[in-house]
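What follows is calculated from the coordinates using simple rules that are stated; it is not laboratory data. These figures come from a predicted structure and were not determined experimentally. Don't worry about glycine lacking a Cβ; one is built from the backbone with ideal geometry, like all the others, and counts go over all protein chains shown.
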Amino acid sequence: MKVRNIHTNNYLIKQLPKATAFVNTKYEIVYASDRWIADFELDGSTVFGTSIFSRFDINCEDWKNSLKKCVKGTPGKVIVNYPIEEKWLEWLNTPWYDENENVIGAIIQVEDVTSRNSNNVRLEKLEELINDKSEGTKIGTWEFDHTTKKLRWCPIVRDIHEVSDTFVPTLENAIEFYSQGYSRNAISIAVDNAIANREPWNEKLEIITAKGNHRWVIAAGKPIYDHDEFIGLIGSFQDITHQVLSEERSSENHGLLQTLIDSLPLNVYIKDRESRKILVNKSESDYAGLGGPEKLLGKDDFDVYDKKTAEMSRKEDLMVMNSGIPMLDKEDICVKKDGSSTVFLVSKIPFLDKNNEIAGIIGMSIDVTDQKRKEEELRKLINVTSLQNKKLIDFAHIVSHNLRSHTANFSMLLDFLVHETNEDERSKILKMLSDSSDSLLETLNNLNEVVAINTNVNQEKKRVDLKKKVSRIEKDLQGFLVNHNAKIINNITEDLKIKVIPSYLDSILMNFITNAVKYSLPERRPIVHLSTRRKNGYTVLSIDDNGSGIDLKKYGEKLFGMYKTFHNHQDSRGIGLYISKNQIEAMKGKVEVESTVGVGTTFKIYFNEKD
Amino acid sequence: MKKINAIYVIDDDPILVFGIKKMLGLVVHCDSITDFKNGKLALDNISHHFKVSGHIPEVIFLDINMPVMDGWQFLEQFIKLPIKEKKYASTS
């Protein structure tokens, strides 16, 4: 074996297009292509014969080992960083054989792979990134090769399906993972559609894993083409079971809360700062009557209530929002646009947002219309009862006083009678006793009458034509009226019917008309004027006279009392007005009086129209 | 028996007036016992007499409940009279 002349560059090698060098077993450069010498900026005259290790300042064991192995017969490839120019060089080392297949050195081909190498690095980095991302988001990828019919799943996809390492996925068995029914149908159609119509898909579907667990996934994919030829499918696969479950749970919670507030026997709502409703419950939306809660959302009180109610409500809202102090159990009468009114017990509480700032109000109203009405009825009842109580006490006083005075008279007269011897005097006393007895009987009759009026309150009422009734009374009193030269002017509305107990009405009219005539002034012709009008559910009969009048300051309180008379008239018994008043009140009416001494008196009798 | 000038009985009940008069006859000497049906009549009489003679009845029996002017109203007017000595009793 002859050692090659190392000083003579082989002409053929010199012209090789790639950077190539031949070293002998001592690593001395024997031949080199011009490209090699140029690439590494070596001196063509001194390069040959020197050791490659001394020529290249590359501190890389792999590179050294690769060359060392190569001269022993093992080819090798090594990429090293060439620090001088920040380059990546790929050294392809091939053993150099002589004619007898002995290794006489190494053939080195060097290629600048800087750009290729950095691409690789970027690719590695990207893959790493994708893997990281996939791990984090549980998004896996898959690929289907149409030509080989092979389906490749990334580890995450395998993980989601919970398949063993040996499982080989195919398009068919992949589809079978989807739960029967909607999910499986949807994915089959999506895949078919993708192949036939190039449509990508993205579906939320349910799979049953190899271990039998149900999982929600987002399966997405799209077909890929090479020059219009379908070559496969790629896609992603994400496990969203957790999200779906928590979504379900939160919607379940939301449903529970909604059911709760809808079932509350309260009107519940939340308003924003402009007093627009942003949440309402069923009661509130039913009450508003706009048809469904969604119709009420975004509306304010001016859309539901009349102006006055809405303004009041807005004022309350502003007060609560500005002060931050809740308004509790305020009684509001709310009138809706249709005119219906409801009494609410309203509470308004500031509604705080995440930053603890007042973003509106939470409102709750309880309909207390019924309670309110009952309260009103109760109050009325209490008034009636206390009035009746007072009447009862008055009556007891009257009874005791009247009976007492009579019995005192009896006992006194009887005492006189016992001791009297004079016959004339005795007969005089006896006459008085008899008078007293008559008077007692009359008193008892009067009291009886009053008791009857107050106990028979449930006598049946009838509709009576008032004008005709007055005309009839006028006829009955003809003699009395002529005697007093009195005139009655009947201005009562024609056909006016009032609901009364007829006998009471007779007695009342008779009493008031005769009174009006009786207490006339001697110098004036008595004129009694009757007229009617309606007022607050009552028919009001006014009986006007031009008589002497009553000093109401002095007698007003006693006017309707029993046995009170104010005139020196022979036939005034002090019982008429008392009975009339009782009769009017028994018919749930009332009586008022106005009078000026010397001018006349007006009695106003209120007949209840309702009951 | 004590002698009294004038006694007024003001009461709207004739029987009571009769009784009072009769019983007074048993206990006092009195030349004139006058009765009135109500406060107004009595007051008019008393005012008139007081103006004319400067005298008023020594004793007055006054009822409370009477028509036209009752006992209270009578008293209200009566105490306005410039009388120095006052003597009265009342019944009810």
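Close amide H pairs (under 5 Å, H built 1.01 Å from N) link A:Gly232 with A:His146, A:Ile224, residues at least 5 positions away or on another chain. Annotation: amide H-H contacts under 5 Å for A:Tyr82 (H modelled 1.01 Å from N, sequence separation of 5 or more, or interchain): A:Lys87, A:Trp88, A:Leu89. Return one quarter of the surface area of the convex hull spanned by the alpha-carbon atoms of the stretch A:447-596, equal to its mean projected area, in nm². Spelled out: convex hull of the Cα atoms, projected over all directions, averaged, 9.2 nm². Going by Cα centres, the stretch A:407-459 and the stretch A:157-186 are how many Å apart? First find each Cα centre; the distance between them is then 118 Å. Taking amide H as placed 1.01 Å from N in the peptide plane, A:Gly589 has its amide H under 5 Å from the amide H of A:Asn608, each at least 5 places away in sequence or on another chain.
The ranking of A:Ile362, A:Ile139, A:Ile393 from fewest to most other beta carbons within 10 Å of each one's beta carbon is A:Ile393, A:Ile362, A:Ile139. Taken one residue at a time, the phi angles of the stretch A:268-274 give Karplus couplings (6.51, -1.76, 1.60, θ = phi - 60°) of 10, 7, 10, 10, 7, 5, 8 Hz. Gly and Pro are set to x.
For the stretch A:260-303, run through the GluC sites (Glu not before Pro) and keep only the ones in DSSP coil with at most 12 other Cβ atoms within 10 Å of their Cβ.
Details: sites: A:Glu274, A:Glu284, A:Glu294; in loops: A:Glu274.
Of the GluC sites (Glu not before Pro), the ones in loops of the stretch A:260-303 whose Cβ has at most 12 other Cβ atoms within 10 Å are A:Glu274.
Calculation over all alpha carbon pairs of chain A in 20 angstrom steps from 0 returns a P(r) of 12, 17, 19, 13, 11, 10, 7, 7, 3, 0, 0 percent.
Residues in the stretch A:112-125 carry Karplus couplings, in order, of 7, 10, 3, 5, 5, 5, 5, 4, 4, 4, 5, 4, 4, 4 Hz; the curve used is 6.51 cos²θ - 1.76 cosθ + 1.60 with θ = phi - 60°, and Gly or Pro positions show x. Gyration tensor over the Cα atoms of the stretch A:176-332: the corresponding equivalent ellipsoid has semi-axes (square roots of 5 times the eigenvalues, largest first) of 53, 19, 14 Å.
Shape class of the stretch A:119-244 from the alpha-carbon gyration tensor: oblate, with a/c at 1.5 or above and b/c at least as large as a/b.
3J(HN,Hα) along the stretch A:282-296, derived from phi through the Karplus expression 6.51 cos²θ - 1.76 cosθ + 1.60 where θ = phi - 60°, amounts to 5, 4, 5, 6, 5, 5, 5, x, 8, x, x, x, 5, 6, 8 Hz, with x in place of Gly and Pro. Centre-to-centre separation between the Cα atoms of the stretch A:70-120 and those of the stretch A:279-310: 85 Å.
Of A:Lys590/A:Lys610; A:Lys535/A:Lys610; A:Lys307/A:Lys336; A:Lys307/A:Lys337; B:Lys21/B:Lys51, which ones are farther than 18 Å apart at the Cα? Show your work: numbers first, answer last.
Details: A:Lys590/A:Lys610 14 Å; A:Lys535/A:Lys610 12 Å; A:Lys307/A:Lys336 9 Å; A:Lys307/A:Lys337 8 Å; B:Lys21/B:Lys51 26 Å.
Check vs 18 Å cut-off fails for B:Lys21/B:Lys51.
Rounded, prolate or oblate, given the Cα gyration tensor of the stretch A:11-112, with a/c below 1.5 counting as rounded? If you can, show how the numbers build up before the last one.
On the way: a/c = 1.59, a/b = 1.15, b/c = 1.39.
Oblate, since a/c reaches 1.5 and b/c is not below a/b.
Just so you know, the Cα atoms of the stretch B:1-87 work out to an Rg and Dmax of 12.7, 36 Å. Taking 20 Å as the straight-line reach from the Cα of A:Lys330, the aspartates and glutamates in range (excluding those fewer than 8 positions away in the same chain) are A:Glu284, A:Asp300, A:Asp301, A:Asp306, A:Glu311, A:Glu316, A:Asp317, A:Asp367, A:Asp370, A:Glu375, A:Glu376.
Across the stretch A:119-244, how many lysine pairs, 8 or more positions apart or on different chains, have C-alpha atoms separated by under 23 Å? Please give the number. So the count works out to 11.
Seen from A:Ile489, the other residues with C-beta closer than 11 Å to its C-beta sum to a net charge of -2, counting Lys and Arg as +1 and Asp and Glu as -1. The alpha carbon centroids of the stretch B:50-85 and the stretch A:320-397 are separated by 58 Å. Restricting the trypsin sites (Lys or Arg not before Pro) of the stretch A:450-536 to loop positions (DSSP other than H, G, I, E, B) with no more than 15 neighbouring Cβ atoms within 10 Å leaves A:Arg524.
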